[in-house]
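The values are calculated or read from the model by the stated rules, or taken from the named source; none is laboratory data. Just so it is clear, the model here is predicted, and its values are computed rather than measured. Note that each Cβ is placed from the backbone with ideal geometry, even for glycine, and that neighbours are counted across all protein chains shown. When the accessible area is computed, the model is the full protein with side chains, heavy atoms only, and any ligands, DNA or RNA have been set aside. Shrake-Rupley method; radii C 1.70, N 1.55, O 1.52, S 1.80 Å.
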Amino acid sequence: MMTLSRFIPDRFILTMLGVVALASLWPAQGRMEAALATVTNLAIALLFFLHGAKLSRQAIVAGMGHWRLHLLVFGCTFVLFPLLGLLLKPLLQPLVGTPLYLGMLYLCALPATVQSAIAFTSLARGNVPAAICSAAASSLLGIFLTPLLVSWLLGGQGEVAGSTFDAIEKITLQLLVPFIAGQLARRWIGAWVARNKHWLRYVDQASILLVIYSAFGRAVNEGLWSQIPLRALLMLLLCCALLLVLVLALVWLLSGLLGFDTEDRITILFAGSKKSLATGVPMAQVLFPAAAIGAMILPVMLFHQIQLMACAALAQRFSRRPQ
C-alpha cells in the first residue's frame, strides 16, 4: 500500500484538477472576471513575497561554493530542456497538436522548483545545501531567462503578450519586486514565517489555485476545450512522461561523466530535472494573452504531477542505499 500511495495524486493535485473542472463548467465572466484578475495579481505578489521571506540567505551562502554543480544544474534547466523540446518537435507536435506543443516548449523554458528539489534531495541523502542554492538561484534566474527562452523557442509559432523586454519588466514588477521585499522583510517576519510555515503553505497553494481558475476560466471563455480533443490530452500525458524519463537519464549520465560523487549526482538529478508549477503558472499570466494561457499551463500541471511521483520513487530508492 505504501508503494502504491506514491503513485496516487496528493490532495493538492486533486484539488487543482477540481479547480480546472470548476473553471470549465463555471468560468468567471464580465465584471467578475475583471475583479478576479485584480485579486489574482495580488495573490501572485503575496506568493512571491512569502517565497522571499522564507528563503534563508545563510542556506544560499552555504551552497554557493559548489560552482561546477550549479553550472550543470543551470545547464540542464535552461539548455538541456529547451534543446530536447526543439529536437522532439517532429514527435511531439503531431501527437498533441500545436497549442499543447507550444505549452511543452514553455514548460522547457521554466526554472526549477525549490521546495520539492530540496525535499527529494534531503530524503535521498544528497547534498542539501547545494540543492538549496541551485534551486533558489534557478528560480531567480528564471525571472529573466524564461521570457528570453520563450521568445526564442516559440518564435513566430505562438503569441507572447508584448515584447520580451516588456515581459521581463512585468515579471520584475509582479514577481521579483515582491520577492525582494520579502527578503528585506525577513529580518522582522522571518521567525514568524518559520513558525507558521505549516499553514502558510496553504497561502501558496491558494494563490496557485486562484491563478489556475482565472486562467482556465478565460481560456474556456475563448473555447479552449473545443480546440483540444481528449486524444491530445492523453498524448500530452504520455509526452510529458517521455520528456521526464529522457531528462532524468541524461542528467544522471552527465553528472557521472563529469565525475561528481553520489551525493552531488543526486542533487543534480533532483534540481536539474524539475520544472516549477509555482513559478510557471503566475508567469504565464504575465507572458501570454488570455486565450493562450490554458493550453500553456496544461503541460506544466501534468509534468508537475508526473515529476512528483517519479522523483518520490527515486528518492525512496536512493535513501535505502548503504551509508
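Hey, can you find the accessible area per residue of the chain for me, probe 1.4 Å, expressed in square angstrom?
Ligands and nucleic acids excluded, the figure is 45 Å² per residue.
Towards the positive end of the charge dipole of the chain, with charges on Cβ (+1 Lys, Arg; -1 Asp, Glu), say which of 81, 153, 181 has the farthest Cα.
181
Given charges of +1 on the Cβ of Lys and Arg and -1 on the Cβ of Asp and Glu, with all other atoms neutral, how large is the dipole of region 170-323 about its Cα centre, in debye to the nearest 20?
Taking the Cα centre of region 170-323 as origin, the dipole is about 360 debye.
Kindly count the pairs of lysines across the chain whose alpha carbons are less than 28 Å apart, treating pairs on different chains or eight or more residues apart as eligible.
10
Tell me which DSSP H helices of the chain clear both cut-offs, 18 Å or more of axial length from alpha-carbon atoms and a mean Kyte-Doolittle hydropathy of at least 0.5.
Taking the DSSP H segments of the chain (at least 18 Å long, mean hydropathy at least 0.5), we get 11-25, 31-54, 128-154, 177-195, 230-257, 290-319.
Alpha carbons only, please: Rg and Dmax for the chain, in angstrom.
Here Rg and the maximum Cα pair distance are 18.9, 60 Å.
Take each of the peptides 237-248, 92-103, average the number of other beta-carbon atoms within 10 Å over its residues, and list them starting from the highest.
In descending order of packing, they fall as 92-103, 237-248.
Okay, helix-only estimate at 222 nm for the chain: each DSSP H run of n ≥ 4 adds -39500 (n - 2.57), divide by all residues, round to 500 deg cm²/dmol; what do you get?
-26000 deg cm²/dmol
If packing is taken as the average count of other Cβ atoms within 10 Å, what order do 28-41, 138-151 fall into, highest mean first?
Those peptides, ordered most packed to least, come out 138-151, 28-41.
For the peptides 105-112, 270-277, what is the packing order when you average, over each peptide's residues, the other Cβ atoms within 10 Å and list the highest mean first?
270-277, 105-112
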